[in-house]
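The values are calculated or read from the model by the stated rules, or taken from the named source; none is laboratory data. All values derive from a computational prediction rather than experimental measurement. A quick note on method: Cβ atoms are made from the backbone with ideal geometry, for glycine too, and the neighbour counts reach across all protein chains shown.
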Amino acid sequence: MADQLTILGIAGSLRKDSYNKGALRAAQQLCPDGARLEIYDIAGLPLFNQDEERNPTAKVTEFKQKIRAADAILFCTPEYNYGVPGVMKNALDVASRPYGDNAWSGKPVALMSAAMGVAGGIRAQYQVRQCFVFLNMEAVVQPEVAIASAPQRFDEKGNLTDETSKKMIRQLLENLVAKARLLRQPARQAA
């Protein structure tokens, strides 16, 4: 399909069997027609160091290229100690620098979380959403997908089994795709 949208999925966890990676795999299966989700592994991104921001590693360069090539972004973050994991914040930072070279700018973005606790990662989501403002990202804010008590929502192979969560992810993706298509319209009209 010539008009297919690409969503770049990014998990804020490095753990191989993370629930957030499982949620992104579920999202791949739940993408609406005309969209596909590609998962990018942030393992190997260097810690942001302003002294080195003008000499990006190959991994940073690749990451920024993937972001720019995508039509939309879907983050899925765990919550550690009531907040956003350092690797998630680092991914946001390295792709936004140096100042004036923000790969996130103007991108439609949606956010979900899976966490062990009963809040489902909502506190981490709040912190990531704050970053969207400065990064000039076009956030989809509904529905809020926070998969609480994650060990009970995934099977032993890391597959999401909770139908309510799947329904909410599907709706979030539909809203993200709609926003991405809407934001594409002015660019087409100008061409």
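Observations, loosely collected:
- Every pair of residues 6+ apart whose Cβ atoms lie under 6 Å, when the first sits in the stretch 52-71 and is touching a residue at least 24 places away in the same chain (Cβ under 8 Å) while the second is of a type in the set (Ser, Thr, Tyr): Lys66/Tyr40; Ala70/Thr6; Asp71/Thr6
Each row is one residue, and each column tells you yes or no for (1) aliphatic (A, V, I, L, M); (2) within 20 Å of Gly121 (Cβ to Cβ).
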position: Gly9; (1), (2): no, yes
position: Ala26; (1), (2): yes, yes
position: Gln29; (1), (2): no, no
position: Arg54; (1), (2): no, no
position: Val60; (1), (2): yes, no
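- Of all residues in the stretch 164-180, those that are under 16 Å from Lys107 (Cβ atoms) have Cβ atoms under 9 Å from Cβ atoms of residues that are crowded, with 17+ Cβ neighbours inside 10 Å and among the acidic types (Asp, Glu), 6 or more apart or on another chain, in Val177/Asp71; Lys179/Glu138; Ala180/Asp71; Ala180/Glu138.
- Residues in the stretch 122-141 that are under 12 Å from the mean Cα position of the chain (by Cα) and not in a loop (DSSP other than H, G, I, E, B) were compared, and the one that is nearest to Met88 (Cα to Cα) is Val128.
- Of all residues in the stretch 1-46 being farther than 22 Å from Glu156 by Cβ and small (Gly, Ala, Ser), the one that is modelled with the lowest pLDDT: Ala2
- Note on the stretch 69-86: residues that are over 11 Å from the mean Cα position of the chain (by Cα) and among the aliphatic types (A, V, I, L, M) total 3.
- Exactly one residue out of Ile147, Ile169 is hydrophobic (A, V, I, L, M, F, W, C), in contact with a Lys or Arg (Cβ under 8 Å, 6 or more places away or on another chain) and at pLDDT 95 or above, and it is Ile147.
- If only residues of the stretch 95-118 that are over 20 Å from Leu24 (Cβ atoms) and of a type in the set (Gly, Ala, Ser) are counted, the one that is modelled with the lowest pLDDT is Gly100.
- Residues in the stretch 146-161 that are under 14 Å from Ser113 (Cα atoms) and either part of a helix (DSSP H, G or I) or free of Cβ contacts under 8 Å to residues at least 40 places away in the same chain (or both): Ala146, Ala148, Ser149, Ala150, Pro151.
- Failed criterion for Asn49 (all others in (1) polar (S, T, N, Q); (2) crowded, with 17+ Cβ neighbours inside 10 Å; (3) over 22 Å from Thr6 (Cβ atoms) hold): (2)
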